[in-house]
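Only one structure is covered here, and it is reproduced in the block below.
The values are calculated or read from the model by the stated rules, or taken from the named source; none is laboratory data. Not measured: the values here are computed from a predicted model. Cβ placement follows ideal geometry from the backbone for every residue including glycine, while neighbour counts extend to all protein chains displayed.
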Amino acid sequence: MFRQEVTQPMALYESCPSCKGRRGFDCTSCRCTCCNATGEITASCSSCQNGKLTCPRCEGSGQVIVKKGFFGDKYGTCPNCGGTRRATCSTCGGSANVKAKCHACNGTKRNHSCSQCMATGKIKCTTCNGSGNIPSEWSKSLAQMPIDRLKFEYEKRQRNISTLRTKVSSMTHEYEQSEEECYRYQEEERSRGIQHPDLIGENYRNHLIGEMGSCESQITEMESEMKAIEKLMDTLWK
């Protein structure tokens with residue numbers, strides 16, 4: 001496999017230390033006090049009284065027909081209510097209370113008149129201006145570099161990108177070669193009446209995919225760094 005050391009890219013940004021990359025903070029001033037910011041309140045069940053309602057099976061009589069007869073029907077205790085004529089409410093489960101949308105916040109969990117967050121529930125982080133990132137120390141140091149050093153940093157990344165692309169090309173060739181060998185191997189095995197996957201080759205190809213992905217990620221980061229250096233050099237040359 002192609003091997004050559006490549007300088008790791010320098011991050012242009014780092015996670016904001018104030019908001020930890022979350023871009024802002026939850027507003028505590030607009031929390032609805034009526035529902036304790038849950039969006040729900042406990043209300044009385046409208047389907048029953050005290051968790052009970054008229055038994056639908058016996059219609060409140062406490063008895064049901066257990067046997068029909070020619071001269072008269074035979075009645076017995078209703079199995080649903082046990083003869084009490086009242087059954088547990090299925091809406092509230094017998095608790096006589098249900099969860100309902102909070103009337104104060106309409107279920108949004110916050111006060112819509114909050115002036116701190118403008119009813120969004122979030123306060124933008126002022127440290128990163130809501131981006132979640134701040135310029136890294138390396139990014140800040142660019143402004144202190146002379147033009148010759150900036151050119152050196154730019155060209156170094158060009159060389160690194162060229163090396164990485166050569167590495168990706170080499171690994172792509174190895175991947176395709178491995179696939180071809182796997183195909184021939186499996187064809188030979190099938191001719192012998194044997195069918196099983198080439199796990200070793202598959203693991204190797206998966207490793208190559210991971211390596212190529214890592215290289216592409218480094219290339220993308222270095223290209224971003226080059227754009228930042230280009231922008232700064234354009235400013236200095238004006």
Residue pairs, Cβ under 7 Å, 6 or more apart or interchain, first in segment 26-49 and acidic (Asp, Glu), second modelled with pLDDT of 85 or more. List them. Asp26/Lys122; Glu40/Lys99; Glu40/Ala100; Glu40/Lys101; Glu40/Cys102
Can you tell me how many residues in segment 73-126 are among the β-branched types (Val, Ile, Thr) and under 14 Å from Ala37 (Cβ atoms)? 1
Taking segment 159-180 and keeping residues of a type outside the set (Lys, Arg) and closer than 30 Å to Glu230 by Cα leaves Asn160, Ile161, Ser162, Thr163, Leu164, Thr166, Val168, Ser169, Ser170
Answer from Lys156, Lys140, Lys109, Lys151 - the residue that is at pLDDT below 90, among the charged types (D, E, K, R) and within 26 Å of Lys227 (Cα to Cα): Lys140
Among the residues in segment 121-144, are any closer than 19 Å to Met212 by Cβ, in contact (Cβ under 8 Å) with a residue 40 or more places away in the chain and of a type outside the set (D, E, K, R)? no
Subset of segment 44-67 that is within 41 Å of the chain's Cα centre (by Cα) and surrounded by 14 or more Cβ atoms within 10 Å (Cβ to Cβ) - its residue that is nearest to Thr88 (Cα to Cα): Gly51
Could you tell me whether any residue of segment 209-226 is modelled with pLDDT of 90 or more, under 30 Å from Tyr13 (Cβ atoms), touching a Cys at 6+ places or on another chain (Cβ under 8 Å) and surrounded by 12 or more Cβ atoms within 10 Å (Cβ to Cβ)? no
Residue check, Gln218 against (1) within 30 Å of Leu236 (Cα to Cα); (2) touching a His at 6+ places or on another chain (Cβ under 9 Å); (3) of a type outside the set (Ser, Thr, Tyr), all met but one. Which one? (2)
Please go through segment 10-61 and give me each residue that is of a type outside the set (Lys, Arg) and within 30 Å of Thr220 (Cβ to Cβ), ordered by number. Met10, Ala11, Leu12, Tyr13, Glu14, Ser15, Cys16, Pro17, Ser18, Cys19, Gly21, Gly24
